[in-house]
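What follows is a set of notes on a single structure, which appears directly below.
The values are calculated or read from the model by the stated rules, or taken from the named source; none is laboratory data. Just so it is clear, the structure is predicted and the values come from calculations on it, not from any experiment. Cβ placement follows ideal geometry from the backbone for every residue including glycine, while neighbour counts extend to all protein chains displayed.
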Amino acid sequence: MLTLGIESSCDETAFALVKDGKLLDSVISTQIDIHALFGGVVPEIASREHYRLIGYLYDSLLAKSGIDAAQIENVAVSRGPGLLGSLLVGVGFAKGLVAGTNKKLIGVNHLHAHLLAAGLEQDIKLPALGLLVSGGHTQIFLIRAADDFVELGKTLDDAAGEAFDKVAKMLNMPYPGGKFIDQLGKLAAPDKKRFTRPYLDNTNLNFSFSGLKTALSLYIEAHPHLKLPSLNGVDELFNGTREVAELAELCASFNFTVADTLRVKMQRAVDQRKEQGDAINSIIVAGGVAANSVIRDTMAEVAKNNKLTLTLPSLSLCTDNASMVAYMGEQLVLKGYSHGLDLDAIPRGRK
Ligand code: KG4
Ligand code: ZN
């Protein structure tokens, strides 16, 4: 079974071909450099860029893979959550490919696709607890099957990636700065008491990162010498021309605080499932922030302590991509799902 995946929910336009659970080929174009000029994703520009490129990218995938469009049996597309204008470009393009043919159309939940992406590389042991940490989302799911996701917790304000990117921005690092905080943090040991782990004094599985962001803001305002002199100064951090010990410690402390907050909530999720008598086989961590080295190590510990398998997609499957959309689409077709041409884009919330 040959499935095309289309991704256009945020600032990546991407296509992929998946055949019987295996990735055949993919193409991706990122708009990061454009949005970096504005310090964040500008929705109007994002949708226009998707619209400008989507046809060319599709043609380039077919040319690169040698697959004829007629061979494609299913067209899976991210239907949300994401930016409405951007989603509509992908959903509209998918409908255009399917209309008047026998191809199946499948609208895919982008978050669910992130969490099952690792299925392209390894067997995923379900039921699993899934932690999705990206620029737009921080959620914990109970995953029983491709069509059975239960949201157990979510962020009440900023997503984890948003907190990373905003702190990076306060330090004058280019957008998206999460990876610079990660890299710098590796150069120092964290001060584990520097920042309070946010929103743990409760019994739920939700998150709130806005207070931590404010704590960082106050700290940086009190230590303005930590800021880079200009947005172009990021090279100085790694080429030895700038003293970075104090900044590295700040980054390490921030990395620790976020990772340890995620650890407490994931452990709580494991404990609560046990109390409910739900068997869990693995922990899946996905989304762009799952690239963070401290979070990866911390989740490995949680899995080990609870004798669970840890599933982490490789880095190219962590960030937005169409392979995960094609894979998820195929899983849903196998379960008998498909959509009509009335498929809607769902920017937030609903399934
Ligand atoms: O999943 P993703 O590619 O896009 C969304 O759907 O949001 O995630 C992007 C987010 C950005 O906030 C970026 O700064 C963050 O992932 N990120 C990281 C790292 N690599 C990417 N955050 C912390 N440490 C990293 N190594
Ligand atoms: Zn995403």
Checklist entry - Does any residue in the range 121-140 that is closer than 21 Å to residue 279 by Cβ and more than 10 Å from ligand 1 (Cβ to nearest atom) come within less than 7 Å, Cβ to Cβ, of a residue that is at pLDDT below 95 and assigned to a loop (DSSP other than H, G, I, E, B) six or more places away or on a different chain, and which pairs are these? => result 127/278; 127/279
Checklist entry - Name the residues in the range 295-351 that are within 16 Å of ligand 2 (Cβ to nearest atom), within 25 Å of residue 19 (Cα to Cα) and not small (Gly, Ala, Ser), would you? => result 312, 313, 315, 317, 318, 319, 320, 321, 324, 325, 327, 328
Checklist entry - Got at least one residue in the range 296-319 being in contact with a Leu (Cβ under 9 Å, 6 or more places away or on another chain) and farther than 30 Å from residue 268 by Cα? => result no
Checklist outcome for this item: Of 187, 156, the only residue that is in the same structural domain as residue 132 (by TED's automatic domain parsing), touching an Asp or Glu at 6+ places or on another chain (Cβ under 9 Å) and modelled with pLDDT of 95 or more is 187
Next on the checklist: Out of the helices (runs of 4 or more DSSP H) lying entirely within the range 277-340, which hold 1 or more residues that are closer than 20 Å to residue 26 by Cα and more than 10 Å from ligand 1 (Cβ to nearest atom)?
Outcome noted: 315-318, 323-334
Next on the checklist: Can you say whether residue 230 is surrounded by fewer than 18 Cβ atoms within 10 Å (Cβ to Cβ), polar (S, T, N, Q), within 16 Å of ligand 1 (Cβ to nearest atom) and in the same structural domain as residue 270 (by TED's automatic domain parsing), as far as the supplied structure shows?
Outcome noted: no
Checklist entry - Assuming residue 222 fulfils every condition listed in (1) surrounded by fewer than 22 Cβ atoms within 10 Å (Cβ to Cβ); (2) closer than 28 Å to residue 38 by Cβ; (3) within 17 Å of the chain's Cα centre (by Cα) apart from one, which condition is it? => result (3)
Item to check | Flag if residue 165 is within 19 Å of residue 43 (Cα to Cα) and in contact (Cβ under 8 Å) with a residue 12 or more places away in the chain | outcome: yes
Checklist entry - Taking the condition of a type in the set (Gly, Ala, Ser), assigned to a helix (DSSP H, G or I) and more than 16 Å from ligand 2 (Cβ to nearest atom), does residue 253 pass? => result yes
